[in-house]
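Here is the structure we will look at.
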Amino acid sequence: MGRLRFQILASGSSGNSCLVWTDNTCILIDAGLPVRTLRERMKTSSIDISMVDAVVVSHEHLDHVKGIGPLNRMYGTEVYISPETFDALSARTGDIPRKRFFYRGKPFSIGDLDIIPFSLPHDASNPTGFVISYGSTKLAMCTDLGTPTNLVKSFLSSCQAIILESNHDVEMLINGPYPIKLKQRIRSRLGHLSNDQALALCQEILHSDLHVLCFAHLSKTNNSKELVMKNISTLRRDSKWHYVNFLIADQDEPSLPVEL
């Protein structure tokens, strides 16, 4: 049996997409970039865009769905999406002739990947996180959430790899250029996780089989990799974290492929 691999192609408010694959199956979690950009960023892995079997959509915001229509029509890539998210999609995604519906809490499979969709608190119609399993190996995708619910914690607490939102520094957000209503939206329970919230959540969900933790969806305006690195340094002071490989996802450059 081979290994589960993933590569974050982009993460942030301008576009999100994560490639997940085995020797036999390849999926994208979200496709919030133009197809041309996705194709270019996949060149750093062993995957060609034509090899992608399906796109699994977390919610309808444009930075997560921009490329799903073109992928569906140009390459026949199936789109897995909840009915609520599909109904909320703007017409700008175009026709999606090849689609399958999933329902939160009900597992489904794509090739040899098993996927459990779970509820996230975010200001979308049906925002969803995912645990992707290959054999006994589990990867969690958990971004775009305003608060870490007990449900979220329960799903993250058994995964070998976690991609977790660390969107903003609260002081930078409060003192930054965003309009007040947008600041309130980001800080709300239906907004985005702050660095402090992400740090506290990490301390709750650590378990002995956690190998990789990737902080993602950083705001270019209200956060920095240096601030997230400070949180990583805080975690590393505890010897229990010494065996965890930390990553920080980028908006403009794909991460290196990770093998679990």
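Laboratory data are not the source of any read-out in this text; all were calculated from the coordinates shown. Here the structure is a predicted model, which is why all the values come from computation and not from measurement. Every residue, glycine among them, receives a Cβ derived from its backbone with ideal geometry; neighbour counts consider all protein chains shown.
Dividing the C-alpha radius of gyration of the range 201-260 by 2.2 N^0.38 Å, with N its residue count, gives 1.17. Below 13 angstrom from the Cβ of Asn195, what's the summed charge of the other residues (Lys, Arg +1; Asp, Glu -1)? With Lys, Arg at +1 and Asp, Glu at -1, the neighbours total -2.
Estimated from helices alone, the mean residue ellipticity of the chain at 222 nm is -7000 deg cm²/dmol (sum of -39500 (n - 2.57) over DSSP H runs with n ≥ 4, per residue). Our summary gives the chain a relative contact order of 19 percent, counting only alpha carbon pairs under 8 angstrom and 6 or more residues apart. Most simply put, the chain has about 50% antiparallel DSSP beta bridges, counting only bridges with both residues inside it. Springs between Cα atoms under 10 Å define the GNM used for the chain, and in it the highest mean-square fluctuation of Glu226, Glu78, Glu60 occurs at Glu226.
Would you please classify the overall shape of the range 107-156 from the alpha carbon gyration tensor, given that a ≥ b ≥ c denote the square roots of the eigenvalues, rounded means a/c under 1.5, and beyond that prolate means a/b larger than b/c while oblate covers the rest? It would help to have the intermediate numbers written out before the result.
Values: a/c = 2.91, a/b = 1.76, b/c = 1.65.
Since a/c reaches 1.5 and a/b is larger than b/c, the shape of the range 107-156 is classed as prolate.
Remark: spin-label model distance Asp95-Asp114 equals 3.7 nm, labels positioned 7 Å along the Cα→Cβ axis.
With the highest mean first, a sort of the peptides 26-32, 194-200, 181-187, 41-47 on other beta-carbon atoms found within 10 angstrom per residue produces 26-32, 194-200, 41-47, 181-187.
The phi torsions of the range 184-191, fed into the Karplus equation with coefficients 6.51, -1.76 and 1.60 and a -60° offset, translate into couplings of 5, 4, 5, 7, 6, 5, 10, x Hz, rounded to whole numbers, with Gly and Pro shown as x. Annotation: Cα Rg of the range 20-84 relative to the compact-globule expectation 2.2 N^0.38 Å equals 1.03. Evaluating 6.51 cos²θ - 1.76 cosθ + 1.60 at θ = phi - 60° for every residue in the range 5-15, the Karplus couplings come out as 10, 8, 8, 7, 7, 6, 8, x, 6, 9, x Hz, glycine and proline recorded as x.
Can you give the charge dipole size of the chain about its Cα centre, rounded to the nearest 20 debye, using +1 on the beta carbon of Lys and Arg and -1 on the beta carbon of Asp and Glu? Write out the running numbers ahead of the final one.
Values: 27 positive and 27 negative charges, 49 e Å.
So the magnitude is around 240 debye.
Overall dimensions of the range 46-173, expressed as equivalent-ellipsoid semi-axes from the Cα gyration tensor (√(5λ), whole Å, largest first), are 24, 19, 14.
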